[in-house]
1. Among the helices (runs of 4 or more DSSP H) contained in the range 127-213, which hold 3 or more residues that are more than 29 Å from residue 31 (Cβ to Cβ) and at pLDDT below 90?
2. When residue 87 is evaluated against the numbered criteria (1) in a loop (DSSP other than H, G, I, E, B); (2) within 26 Å of residue 146 (Cβ to Cβ); (3) free of Cβ contacts under 8 Å to residues at least 12 places away in the same chain, which criterion, by number, is the only one it fails?
3. Look through 124, 145 and report the one residue that is within 22 Å of residue 213 (Cα to Cα), touching a strand residue (DSSP E or B) at 6+ places or on another chain (Cβ under 8 Å) and of a type in the set (A, V, I, L, M, F, W, C).
4. Checking the structure you have, find out if any residue of the range 34-48 is under 18 Å from the mean Cα position of the chain (by Cα), surrounded by 18 or more Cβ atoms within 10 Å (Cβ to Cβ), modelled with pLDDT under 90 and in a strand (DSSP E or B).
5. So residue 73 ticks every box in (1) farther than 24 Å from residue 26 by Cβ; (2) at pLDDT 95 or above but one. Which box is left unticked?
6. Filter the range 256-273 down to residues that are over 27 Å from residue 10 (Cα atoms) and loosely packed, with under 12 Cβ neighbours inside 10 Å and give me whichever is modelled with the highest pLDDT.
7. May I ask you to say which residue of 52, 2 is closer than 26 Å to residue 76 by Cβ, modelled with pLDDT of 85 or more and β-branched (Val, Ile, Thr)?
Amino acid sequence: MIYKKKVERIQNFKNTERSFDPDSSPTAWKHYIVIYSKILKQYSDNYKLNRIKVWLRMGKNSKEVTMGADTDFTFNSEKQKGNAPYYVFKKIVDNDEEITNKKKETILNLLDECSKQHHSLVNFSIMPQTGGMNNFKSNYRFDRFINDLNCFYTGVADLGLSDAGEIGRHPNIKVPSYLKRNTCNKQMLIKYLLKFENINCYCSNHYQIDSKFVEKLICFYNKVEETNKHRALKTASQVEEYCNLAKEYWDIREEKFKEIYSENNEHDIKINI
C-alpha cells in the first residue's frame, strides 16, 4: 500500500522543510527516476527538482524536451471549493434524482476514497512540458486526454487539428491546435511523441497500463460524449464509473511499481506521511 499513501506537501529538501506540490516533491521525483529510468535513458542520474530532460536529434543539433510532473485522475478537493473536481463530482451525485439515497451514499463514499488517493504515487506521472502538453491535459479528465492523444496517433481530424505530416514518420498525423503557437516547441513535442508507435505504446511507457485499459478509458469517454456534447460528467452513474476506473488504474500501477522496483533492486520508497 506504500504507493497509495498520501504524499504530503511539507517535505525535507537540502536539510530544509519546504512546501511542494505533491506530484513535484522530492519524494515524487525520486520515484520517477526509478519508474522511468528505462525509457528515459538520456537524462542525468543526478535529478534536479521539477526537471527531467530528454535530448532528441533535430537535424544536426540536439535539443531538449523537458518532462514535468502531472497528476492523472483529478479528485482534488484543495482548490477553491466550488471549482475543485471533488466538489463538482459531489454536486452531480447529490443532485441526481434518478437514484436512491442509499446509492448516493455508496457513490459518495467511493468518491471520498478516490479523493484521499489524489495525491499518491499511483496517481502521479511525468509528461512533456515542452510544447505545453501538460497545460493542455490539465484542462481535461484523464479519459478525455487519452482519447485526444489517441486521435493524434490515429490521425483523426475532428478536434480542430492541423496537418503536420512533415514532422515524423506518419504522413497523415494531425497536431492539436495548442501546438501551433511555437514552431520549435511543437516540433520537439511531436518528435518525442513519435518515439512511441501508438497510443498503447505511449501509455505503456508513461502510465504502465496495457491496451485493454487504454480501450476502457477511450470507451468511457465516448459513452460520456454520446450523452453530453460538452463531454462533462452529468450523472451519478458516470461519476461512479469514473471513480472505479481510477481505482482500477491505481491497482494496475501499484503492481507494476512493485515489479519495477524489484527489477531495479530498489527498496520501497519512503514517503513523508
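The values are calculated or read from the model by the stated rules, or taken from the named source; none is laboratory data. This one's a predicted model, so the numbers in the text were calculated from it and none came from an experiment. All Cβ positions, even for glycine, are placed from backbone atoms using ideal geometry, and neighbour counts span all protein chains on display.
1. Working: elements: 133-138, 142-154, 183-193, 199-207.
Once the helices (runs of 4 or more DSSP H) in the range 127-213 are filtered for at least 3 residues that are more than 29 Å from residue 31 (Cβ to Cβ) and at pLDDT below 90, what remains is 183-193.
2. (1)
3. Only one candidate passes the filter, namely 124.
4. For the range 34-48, residues under 18 Å from the mean Cα position of the chain (by Cα), surrounded by 18 or more Cβ atoms within 10 Å (Cβ to Cβ), modelled with pLDDT under 90 and in a strand (DSSP E or B): absent.
5. (1)
6. It comes out as 259.
7. That would be 2, the only listed residue that is closer than 26 Å to residue 76 by Cβ, modelled with pLDDT of 85 or more and β-branched (Val, Ile, Thr).
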